[in-house]
Amino acid sequence: MTPSTDVAAGLETDALLDDPEIRIVVCCGSGGVGKTTTAAALGVRAAERGRKVVVLTIDPARRLAQSMGIDRLDNIPRRVEDIEGDGELHAMMLDMKRTFDETVEAHTDAERARAILDNPFYQSLSAGFAGTQEYMAMEKLGQLRARDEWDLIIVDTPPSRSALDFLDAPKRLGSFLDGKFIRLLIAPAKIGGRAGMKFLNVGMSMMTGTLGKLLGGQFLRDVQTFVAAMDSMFGGFRTRADATYKLLQAPGTAFLVVATPERDALREAAYFVERLAAEEMPLAGLVLNRVHGSEAARLSEERALAAAENLESVGIVDQAAGKAGLGDPADPVAATSPETPESPLSPEHGNEPSTHEPPQQEPHEHDRTSDTPAPHGRGDKSSDPSGPPTHTEADRHDTPATDTASVQVSVEVSVEQLTAGLLRLHAERMQVVAREQHTRDSFTTLHPEVLVTEVAALPGDVHDLAGLRAVGELLATGSASTPAGAS
Amino acid sequence: MSRFQVVSGKGGTGKTTVAAALALALATEGRRTLLVEVEGRQGIAQLFETDALPYEERRIAVAPGGGEVHALAIDAERALLDYLQMFYKLGSAGRALKKLGAIDFATTIAPGVRDVLLTGKACEAVRRKDKQGSFVYDYVIMDAPPTGRITRFLNVNDEVAGLARIGPIHNQAQAVMRVLKSPETAVHLVTLLEEMPVQETADGIAELRAAELPVGRVVVNMVRPHLLDEDALRTASGGRRKEIAKALTRAGVTGSAGLVRPLVTQAAEHAQRVGLEREQRAVLAGLGLPMAELPLMGEGVGLSALHELAEEFRKQGVGDETADAAGQTPRGGRPRGSGRGVGS
Ligand SMILES: Nc1ncnc2c1ncn2[C@@H]1O[C@H](COP(=O)(O)OP(=O)(O)OP(=O)(O)O)[C@@H](O)[C@H]1O
Ligand SMILES: [Mg+2]
């Protein structure tokens, strides 16, 4: 299936992966768009093209992690087996708390490290402060790069609500860790002694007083102990965060923005593209993930629906069971419907077989979805109560509720109904294709300069190496697709 | 039916949309609901196509039968300043604190404080009564943080009570917990029929239960209609292609020979998806929770689609139960406009 495209230029994924100058690829984008899968697929492909690669994943799906052998949270890269060719793939899953702990341990003596790690405030901060994960992802990236053991580091970014959190959160935490406020907390006397700082001093005592009352004195003491223990490290935190930031601006880094062809995701992608430009960070291109296409695109939605209706109007003459073979047997709403085929509420329903959802779809998605849970199809499709039952229901792997309603047996789907079903399915697909095309056009108008590659929507989940290889192949070929979209 | 309805779920599964539809559905028959958001994203305003919500409760929609949906975007910083004002009469000193970064510290860095303030404000709305002693809102619906953070968000009491062992924040945290752990509260999880969100839902339920937080329904969102089932497909791929080509031609489709293969391929993909969805449904059924199901709106979700989704909830009996499950003052329809404006 080749999704349609009218973008001017394509992203050359293989050229990017093969480029020895490129040392870091960052996959970013809003939540749920497939960043982790993209990062892992790029890793597999780069390794099988001969490079020595490490992939840093964040929150991978369990089965994906298992298939790569990185479902243990030990915070070190593991070599992935079964990679073909001379390259190597290493992968790891970020453990944010552990990374924080290790950073503390690496930058202070054992006694101080213990004091910090035991501090309740630190424990809360390292386990869950919004932004810690982003900060630690950057920290880990810096560490991996410093080891210089890999040709290429591919990083996934945390599943933040907005693509931009990845850039902003480390700064926020960094500015807290060596910010004015926290310095005031530990050293009010020092600062207050200086001329011109009287105001701060007054503000300070009032503030610690207030916060103390509000949070309880113990909490403030915990913070103060923590800050005192961390004091020696603050400079280090800031320095390394700055260094990693610079690394992201370097020519050896390439950003890939991942998005699905949906409004929200592409809006985030557009923000991110703009932000990267403002930060002078190198954007390689956009990965458009889960794109729908159709090889039968020359048959438009309208024509498909018209043809389906033609067939169905033939069908009512000799095929009573208009909905044979159609419907969702597992629909719980319909399945619990009191209706049974044996007790029709009205004659026009008399011959409906035991299917559970309206099979006769209205031409417009809108209309169609609004009556999805209704237990009946359109009555006009079933006007011949004596028609032969056309479909076997009883042997399906249905929910028990459905089975009890499925005593009436149908034998065969008429070719008209089958073909009409295929046509309606196609019409639905074409509607999706058109909607996605529209959303993409809005993005392209805004950012015609961004190179794009497309990954077709796969019907199933990606959770093994073969799946990742397939996605890698799509990433590499997605920019060369022939226009085949809605005509 | 619990009066405090918390809507969580994996990111992007439709939490905001579902919370809004639920607020509309529960507002029928003259009821009054409050829809709150806590992440500062103005998702509700976008959805209802209104201007950004201020830190103030205001009516954003009316429901069939004269009900009203009010909305509030809770802002932790403003909530904190309100508390400070309330307890300490801080006045303009609040601004000085803000300058120093103290407010920022308390609401974004100090672990848990922010969440205490957010849940605290919501619980205050749940318990608020008017002069006659009846609840100002029949239901409060929260567009909550995603599954990965929901338990920690709601269970923040433990942590904060541990950190801030005395003081108003401590007391506040405990009061909130009493509401959250009672039958007055129900936490719903939104999911899609896909592996990751279903997995996350299962994990989330386990976590909520471990924390003794009351789990409500699983809401399956964006359910796609199924047009063809696997049996029909098997028949199709099994040697009826010529017949299908003829049928296509009869129906007026030109060049039908070349279309059969891609059409059948699409049907195969569809069938595979249906199969996967069925697996995920089975997993969800195994969770033993009441379910609700919302269809995929093909044109996206605007105001009218939102009303359709609310209608869908009503059809499935969501909200039929009266709001007195927790033994609180029951109230049916109430005269409109009797609630006082709050929070402004
Ligand atoms: N039933 C539905 N039919 C069609 N589209 C839907 C449906 N429910 C939600 N959507 C769409 O899915 C997208 C995500 O929905 P929404 O913003 O409600 O999710 P969310 O879970 O709140 O996301 P986030 O995790 O970012 O807060 C929106 O574009 C919304 O319009
Ligand atoms: Mg939301």
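The values are calculated or read from the model by the stated rules, or taken from the named source; none is laboratory data. Bear in mind the structure is a predicted one, so any value in this text is a computation, not a measurement. Note that each Cβ is placed from the backbone with ideal geometry, even for glycine, and that neighbours are counted across all protein chains shown.
Below, the figures for the structure above:
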{"quantity": "Restricting the stretch B:32-60 to residues that are buried (at least 22 other Cβ atoms within 10 Å of the Cβ) and within 16 Å of ligand 1 (Cβ to nearest atom), the residue that is nearest to B:His307 (Cα to Cα)", "calculated": "B:Leu47"}
{"quantity": "Complete set of residues in the stretch A:6-35 that are within 16 Å of ligand 1 (Cβ to nearest atom) and either of a type in the set (S, T, N, Q) or not in a loop (DSSP other than H, G, I, E, B) (or both)", "calculated": "A:Cys28, A:Ser30, A:Lys35"}
{"quantity": "Matching option when the condition is within 12 Å of ligand 1 (Cβ to nearest atom), touching a helix residue (DSSP H, G or I) at 6+ places or on another chain (Cβ under 8 Å) and away from every other protein chain (no Cβ under 14 Å), among B:Val6, B:Val18", "calculated": "B:Val18"}
{"quantity": "Qualifying residue in the stretch A:158-168 (condition: modelled with pLDDT under 75, in the same structural domain as A:Ala39 (by TED's automatic domain parsing) and more than 16 Å from ligand 1 (Cβ to nearest atom))", "calculated": "yes"}
{"quantity": "Odd one out for B:Ala210, checked against (1) facing chain A (nearest Cβ under 7 Å); (2) modelled with pLDDT of 85 or more", "calculated": "(1)"}
{"quantity": "Residue in the stretch B:27-45 that is touching a residue at least 60 places away in the same chain (Cβ under 8 Å), within 14 Å of chain A (Cβ to nearest Cβ), more than 10 Å from ligand 2 (Cβ to nearest atom) and part of a helix (DSSP H, G or I) present", "calculated": "no"}
{"quantity": "Out of B:Arg240, B:Arg273, B:Arg234, sole residue that is among the charged types (D, E, K, R), closer than 13 Å to A:Leu425 by Cβ and either under 33 Å from the mean Cα position of the chain (by Cα) or modelled with pLDDT under 85 (or both)", "calculated": "B:Arg273"}
{"quantity": "Count of the stretch A:69-82 residues which are touching an Asp or Glu at 6+ places or on another chain (Cβ under 9 Å) and buried (at least 19 other Cβ atoms within 10 Å of the Cβ)", "calculated": "2"}
{"quantity": "Residue within the stretch B:5-23 that is among the polar types (S, T, N, Q) and away from ligand 2 (no atom under 16 Å from the Cβ) present", "calculated": "no"}
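Yes/no matrix, rows are residues, columns are (1) modelled with pLDDT of 75 or more; (2) more than 8 Å from chain A (Cβ to nearest Cβ); (3) crowded, with 22+ Cβ neighbours inside 10 Å:
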residue	(1), (2), (3)
B:Gly101	no, no, no
B:Phe105	no, no, no
B:Ile109	no, no, yes
B:Gly112	no, no, yes
B:Ile150	yes, yes, yes
B:Ile169	no, no, yes
B:Ala173	yes, yes, yes
